[in-house]
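Visitor: This is the structure I have questions about; it appears just below.
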Amino acid sequence: MMFVTTTGYIVSVIGPYLCNSKNNDAKILNSIFKNNLEKIKEWFETNDVVVVDRGFRDSIDLLQEFGIQIKMPSFLKRNEKQLSVEDGNTTRLVTKVRWVVESVNGRIKQWRLLDKVLPNSLIPYAGEYTRFVSAICNKYRPPLNAGNETEDLLLGAKMLHMSKKKNELMERVSNENVHSRSGRWQKIDGNDSVEDFPKLSEEDIRDITLGVYQLKLAKSYTEEHLENDEYYEVMQQGHQLIRMENLKQQLKFLFKFHVYLHMANIEGKTFIAIVNWSIRTLNCHTKMA
């Protein structure tokens, strides 16, 4: 079990633990707190925030008893096929912070011994190896989040503001049944041009994606999907609405994933709204990036 800060600094590595159906992430964390390993209860003050993934949902009550606030991605409610706008935005606010955890794991796995399944003979030493590598990363690797504090605060305020906005494009797609009216869409390719489509700088795109994470993933993400019998189609409806389809053939079934883009001209400037068929108003999917 690894504990990291929002800068990627590894606070502690506890374990290893046997992981099976009876010993999941939540039970491991509960055991750590109940036994106060490494005096973990002294690390926290009232109203400190801990960001976790969905696997820790059974730890929420225990952590709240110690005055810790838990931030975790939302769950689908019964009979829901996708998160609501509110839940989707809340989840995005969490994942915008939690990406650091995955990046730290990636740093650890850059070490050859830890990038694969360990043989049974090395299991007794796995914890020591991981703690040793973690100490080296803390000492010699730069912080994962070394941005300007003022810019970070402005970005956070922007995301909180956007998380409370209505998703008007999603409502249009849903109310007008746009996603099922295939006859109105005209397929376009690299030889076509969308009238008045703005030329976006990298800074403009980063403003849409609220960071560089999707931009860094976009190329490898596309290459991976094109290698797996998937392909993309871009279509246009009128001069303002564009739809991108990601199609995946699997056995006898064809799966479609849609991303919509709407352009509007306001005071001589072209603005873009993006919605994937998950319906959050924050950020955009790597497909669109």
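Visitor: Sort out which residues of region 112-167 are polar (S, T, N, Q) and surrounded by 11 or more Cβ atoms within 10 Å (Cβ to Cβ), and write them in order of number.
Guide: Answer for region 112-167, where residues must be polar (S, T, N, Q) and surrounded by 11 or more Cβ atoms within 10 Å (Cβ to Cβ): 130, 134, 138, 145, 163, 167.
Visitor: Considering region 157-172 alone, what residues qualify as being over 19 Å from residue 207 (Cβ atoms) and in a loop (DSSP other than H, G, I, E, B)?
Guide: 166
Visitor: Exactly one of (1) under 23 Å from the mean Cα position of the chain (by Cα); (2) touching a residue at least 60 places away in the same chain (Cβ under 8 Å) is unmet by residue 13. Its number?
Guide: Only one criterion in (1) under 23 Å from the mean Cα position of the chain (by Cα); (2) touching a residue at least 60 places away in the same chain (Cβ under 8 Å) is unmet by residue 13, namely (1).
Visitor: Let me ask something additional. I'd like to check something: does region 61-83 contain any residue that is in contact with a helix residue (DSSP H, G or I) (Cβ under 8 Å, 6 or more places away or on another chain), surrounded by fewer than 17 Cβ atoms within 10 Å (Cβ to Cβ) and part of a helix (DSSP H, G or I)?
Guide: yes
Visitor: Continuing with this model, one more query. Kindly provide the set of residues from region 192-221 that are hydroxyl-bearing (Ser, Thr, Tyr) and either in contact with a helix residue (DSSP H, G or I) (Cβ under 9 Å, 6 or more places away or on another chain) or at pLDDT 75 or above (or both), ordered by number.
Guide: Listed by number, the residues that qualify are 201, 209, 213, 220, 221.
Visitor: Given (1) modelled with pLDDT under 90; (2) in a helix (DSSP H, G or I); (3) touching a helix residue (DSSP H, G or I) at 6+ places or on another chain (Cβ under 6 Å), where does residue 58 come up short, assuming only one miss?
Guide: (1)
Visitor: Same structure again: I need the full set of residues from region 115-134 which are closer than 22 Å to residue 8 by Cα and small (Gly, Ala, Ser), in order please.
Guide: 126, 127, 134
Visitor: Okay, moving on. With respect to residue 167, determine if the residue is within 28 Å of residue 259 (Cβ to Cβ) and of a type in the set (S, T, N, Q).
Guide: So residue 167 passes the test.
Visitor: Mind listing whichever residues of region 69-92 are basic (Lys, Arg) and touching a residue at least 60 places away in the same chain (Cβ under 8 Å)?
Guide: Residue satisfying the conditions is 92 alone.
The values are calculated or read from the model by the stated rules, or taken from the named source; none is laboratory data. Note that the structure is a prediction, hence the values are computed from the model and not measured. Positions of Cβ are generated from backbone atoms using ideal geometry, with glycine treated the same way; all protein chains shown enter the neighbour counts.
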